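K.L.:
Before I ask anything, let me first share the structure, which is written out below as structure tokens.
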Amino acid sequence: MSDVLQLAVACIGVMLLVIDFMSFVYQKVTEGIGLLWFLLGIILILCAFVPGLNAWLYLLPKGAVPAFLMIGTAFLLSAFYISSLVSQLLRKNQELAMHVSLLNQENESILYELRELKELQKHENTVCH
């Protein structure tokens, strides 16, 4: 049963790498978060096949393997979904910050033009009198 668990953990690691790559391509995750998921996928693959890292696989009872796989996979997919939502919110926040900056710049230029018009109007009023 530990061989099945080894293959399942390796498959979950590969699946995580593929999902992470596709999400990065379609800009669902930011670079930093995508890199963390990539590293987690590599660690899962290594934990499945490297002899020193897969000793924990033999500690699980045979009856707990399916439950462990289902709960672990559900947890990883849920965490990945939440991190992709956080990445999208970070991107939207950055975009909104750029829009606010542009609007502030435009507001400053309008205020500057308004001040110039007031000065010009004052100057015209003093010249006419």
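K.L.:
Out of all the residues in the stretch 13-36, is one or more of a type in the set (Phe, Trp, Tyr) and touching a Gly at 6+ places or on another chain (Cβ under 6 Å)?
P.N.:
Of the residues in the stretch 13-36, the ones of a type in the set (Phe, Trp, Tyr) are 21, 24, 26.
Cutting the leftovers down to touching a Gly at 6+ places or on another chain (Cβ under 6 Å) gives us 24.
The answer is yes, given that some residue of the stretch 13-36 is of a type in the set (Phe, Trp, Tyr) and touching a Gly at 6+ places or on another chain (Cβ under 6 Å).
K.L.:
With the requirement that a residue be without any contact (Cβ under 8 Å) to a residue 40 or more places away in the chain and assigned to a loop (DSSP other than H, G, I, E, B), what does the stretch 24-64 give you?
P.N.:
Correct list: Tyr26, Val50, Pro51, Gly52, Leu53, Leu59, Pro61.
K.L.:
Filter the stretch 34-91 down to the residues that are modelled with pLDDT of 95 or more, open to solvent by 80 Å² or more (accessible area, probe 1.4 Å) and among the aromatic types (Phe, Trp, Tyr) and list them by number.
P.N.:
Phe38, Phe75, Tyr81
K.L.:
Is there any pair with a first residue in the stretch 65-90 that is over 16 Å from Lys28 (Cα atoms) and in contact (Cβ under 8 Å) with a residue 60 or more places away in the chain and a second that is polar (S, T, N, Q) and assigned to a helix (DSSP H, G or I) whose Cβ atoms are under 9 Å apart and which are 6 or more apart or on different chains, and what are they?
P.N.:
The qualifying pairs are Val65/Ser2.
K.L.:
Continuing with this model, one more query. Given (1) charged (D, E, K, R); (2) closer than 25 Å to Ser2 by Cβ; (3) open to solvent by less than 50 Å² (accessible area, probe 1.4 Å), where does Asp20 come up short, assuming only one miss?
P.N.:
(2)
K.L.:
I've got another one for you. Any residue at all in the stretch 10-17 that is out of contact with any Lys or Arg (no Cβ under 7 Å at 6 or more places or on another chain), surrounded by 12 or more Cβ atoms within 10 Å (Cβ to Cβ) and more than 18 Å from Tyr81 (Cα to Cα)? Break it down stepwise before answering.
P.N.:
Here is the first cut: in the stretch 10-17, the residues out of contact with any Lys or Arg (no Cβ under 7 Å at 6 or more places or on another chain) are 10-17.
From what's left, surrounded by 12 or more Cβ atoms within 10 Å (Cβ to Cβ): 10-17.
Narrowing further to those that are more than 18 Å from Tyr81 (Cα to Cα): 10-11.
Yes, the stretch 10-17 has at least one match.
The values are calculated or read from the model by the stated rules, or taken from the named source; none is laboratory data. Remember, predicted model here, so these are calculated numbers, not experimental data. Neighbour counts run over all protein chains shown; Cβ positions are idealised from the backbone, glycine included. Each accessible area value is taken on the protein alone, full model and side chains, heavy atoms only, with ligands, DNA and RNA left out. Shrake-Rupley method; radii C 1.70, N 1.55, O 1.52, S 1.80 Å.
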